[in-house]
Amino acid sequence: MSVSFSLTEEQTQLRQLAADFAKDVIRPVAPHHDVTGEYAHDVLRQAHELGLMNTHIEEEFGGMGLSAFDGVLLAEELAWGCSGIGTAMEANGLAQQPVILGASDALKKKYLEPMTEEYSLCAYAVTEPGAGSDVQGMKTTAVKQGDKYILNGSKMWITNAGVADWYFVVALTDPEKKARGGMSAFIVERKWDGVEPGGKEDNMGQRASDTRAVSFDNVEVPAANLIGKEGDGWKLAMAAFDYTRPAVAAAAVGVGKAAMEYAIQYATERKAFGRPIASHQAIAFMIAEMAMNIEAGRGLVWKAASMKDDGIRNTLHASYAKAFCADMAMKVTTDAVQVFGGYGYSKEYPVEKLMRDAKIFQIYEGTSQIQRLIISKEIFVRNR
Ligand SMILES: Cc1cc2nc3c(=O)[nH]c(=O)nc-3n(C[C@H](O)[C@H](O)[C@H](O)COP(=O)(O)OP(=O)(O)OC[C@H]3O[C@@H](n4cnc5c(N)ncnc54)[C@H](O)[C@@H]3O)c2cc1C
């Protein structure tokens, strides 16, 4: 039996819906949000109305229950419009995923179902000031007292932290055990006493996205807000990445594609030495490399997402896709700036934004070094 790269009619329509939304709604306002850093609530509200947000919430809780593959189709198109706005949208999916995977029906009904009805936001709060790649180095604690946990500590670099109604939080319930059953996951509401988001970070790229620290000072978390059982935190936080890393990689493909399209257009119009620069082989080959690597990246994304949907463990392939596409987007956008020459370096042209936006793909949801750590561990274990 052959493997098909053809999309179903529904998938084609879904992709087109996202592509039209990116072209008509996201891209026109992307420069404004890049300059001001204002959160694009208006765009996200429209996306919510069209069914382009919260797409993985199960049907029994009012969602669409879309597959991982459907999700990567959407992520590529939305990021093509603006990956900062795309990240703001995807941050909901990242926070929801461990809840979908591990929470009780009661928690899903309370926190996920309303999000399918009304526009609202959530955030995945795992990283800490002293613990990013090394998640096990976290210091935030949740100490059980009767039917509550008392949460203390602080999180860092949390996307959507200033606009989210609730956070997916991982904290130590048994500091000795750490990842081996010592970390637990909770839903923590932003409005609760002791929860304090910091100021918005003034980031290099994806400036439409809201990134902040969050501190927890003796926050009383009802025991009912524990996701799964005590000790499930590490497992849930990591399991979410098998779904979201292919989507992040897809977003990197979208950014690369946008940069390549601008480069093709410019190379056709701009003349040097009496002819369009596209006819200089050095430029044409640079664009050929872009096309080749974008296509390769999409292939890795589609495989990683399809494996998840087929019930095959995809951790290795999610890391292949995340590492390759992040590095690819950085290279493609940097080369697009090169194709534009001096104009590429100016904020009046669109490619410098894409280069700034692309950088974060090599950092969040596991840096490019951490992806290689995962890949090398996986392949050495497999080949032992
Ligand atoms: C804009 C933005 C949005 C983010 N959104 C979220 C979010 O929503 N939720 C959340 O929880 N976190 C979020 N993060 C955090 C992000 O996941 C971390 O920044 C990332 O995991 C790296 O952690 P760190 O910044 O502490 O860097 P460090 O872990 O200190 O790493 C510094 C450098 O050392 C390298 N390094 C570290 N360990 C190793 C190793 N063992 N081998 C080789 N190299 C190594 C890293 O690759 C990196 O280059 C976000 C970050 C940013 C900047």
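The values are calculated or read from the model by the stated rules, or taken from the named source; none is laboratory data. Just so it is clear, the structure is predicted and the values come from calculations on it, not from any experiment. Note that each Cβ is placed from the backbone with ideal geometry, even for glycine, and that neighbours are counted across all protein chains shown.
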Pairs please, first residue from segment 143-155 and under 16 Å from TRP192 (Cα atoms), second anywhere and within 16 Å of the ligand (Cβ to nearest atom) and among the aromatic types (Phe, Trp, Tyr), Cβ atoms under 6 Å, 6+ apart in sequence or on different chains.
LEU151/PHE216; ASN152/PHE216; GLY153/PHE216
With the structure loaded, tell me whether PHE380 is hydrophobic (A, V, I, L, M, F, W, C), part of a helix (DSSP H, G or I), free of Cβ contacts under 8 Å to residues at least 12 places away in the same chain and within 16 Å of the ligand (Cβ to nearest atom) or whether it fails that test.
yes
List every residue pair whose Cβ atoms lie under 9 Å apart, where the two residues are 6 or more positions apart in sequence or sit on different chains, the first residue falls within segment 67-78 and is part of a loop (DSSP other than H, G, I, E, B), and the second residue, located anywhere, is hydroxyl-bearing (Ser, Thr, Tyr).
SER67/SER306
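Taking the conditions exactly as written (among the aromatic types (Phe, Trp, Tyr), within 16 Å of the ligand (Cβ to nearest atom), closer than 25 Å to ALA19 by Cβ and in contact (Cβ under 8 Å) with a residue 40 or more places away in the chain), does TYR119 satisfy them or not? Before the answer, list the steps.
Details: among the aromatic types (Phe, Trp, Tyr): yes; within 16 Å of the ligand (Cβ to nearest atom): no; closer than 25 Å to ALA19 by Cβ: yes; in contact (Cβ under 8 Å) with a residue 40 or more places away in the chain: yes.
Against the criterion (among the aromatic types (Phe, Trp, Tyr), within 16 Å of the ligand (Cβ to nearest atom), closer than 25 Å to ALA19 by Cβ and in contact (Cβ under 8 Å) with a residue 40 or more places away in the chain), TYR119 does not qualify.
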Output for segment 349-374, where each listed residue is among the hydrophobic types (A, V, I, L, M, F, W, C) and either more than 15 Å from ALA318 (Cβ to Cβ) or surrounded by 18 or more Cβ atoms within 10 Å (Cβ to Cβ) (or both)
VAL351, LEU354, MET355, ALA358, ILE360, PHE361, ILE363, ILE370, ILE374
Would you say ALA40 is among the small types (Gly, Ala, Ser), surrounded by 20 or more Cβ atoms within 10 Å (Cβ to Cβ), more than 24 Å from ALA224 (Cβ to Cβ) and modelled with pLDDT of 95 or more?
yes
Within the set of pairs 6+ apart or on separate chains, which have a first residue in segment 1-28 that is more than 18 Å from GLY81 (Cα to Cα) and outside the structural domain of GLU77 (by TED's automatic domain parsing), a second that is assigned to a loop (DSSP other than H, G, I, E, B) and of a type in the set (Ser, Thr, Tyr), and C-beta atoms under 7 Å apart?
none
Being within 21 Å of ALA237 (Cβ to Cβ), surrounded by 20 or more Cβ atoms within 10 Å (Cβ to Cβ) and either more than 16 Å from the ligand (Cβ to nearest atom) or assigned by TED's automatic domain parsing to the domain that holds THR159 (or both) narrows it down to one residue among GLU77, GLU128; which is it?
GLU128
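Is it true that VAL188 is surrounded by 21 or more Cβ atoms within 10 Å (Cβ to Cβ), within 16 Å of the ligand (Cβ to nearest atom) and within 18 Å of GLY231 (Cα to Cα)? Break it down into steps so the answer makes sense when it comes.
Values: surrounded by 21 or more Cβ atoms within 10 Å (Cβ to Cβ): yes; within 16 Å of the ligand (Cβ to nearest atom): yes; within 18 Å of GLY231 (Cα to Cα): yes.
Yes: the conditions hold for VAL188.
Quick check on this structure: which one of LYS308, LYS322, LYS331 is out of contact with any Phe, Trp or Tyr (no Cβ under 7 Å at 6 or more places or on another chain), touching a residue at least 24 places away in the same chain (Cβ under 8 Å) and surrounded by fewer than 24 Cβ atoms within 10 Å (Cβ to Cβ)?
Answer to the check: LYS331.
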Would you point out the residue of segment 209-226, among those that are within 15 Å of the ligand (Cβ to nearest atom) and more than 27 Å from ARG356 (Cα to Cα), that is farthest from the chain's Cα centre (by Cα)?
PHE216
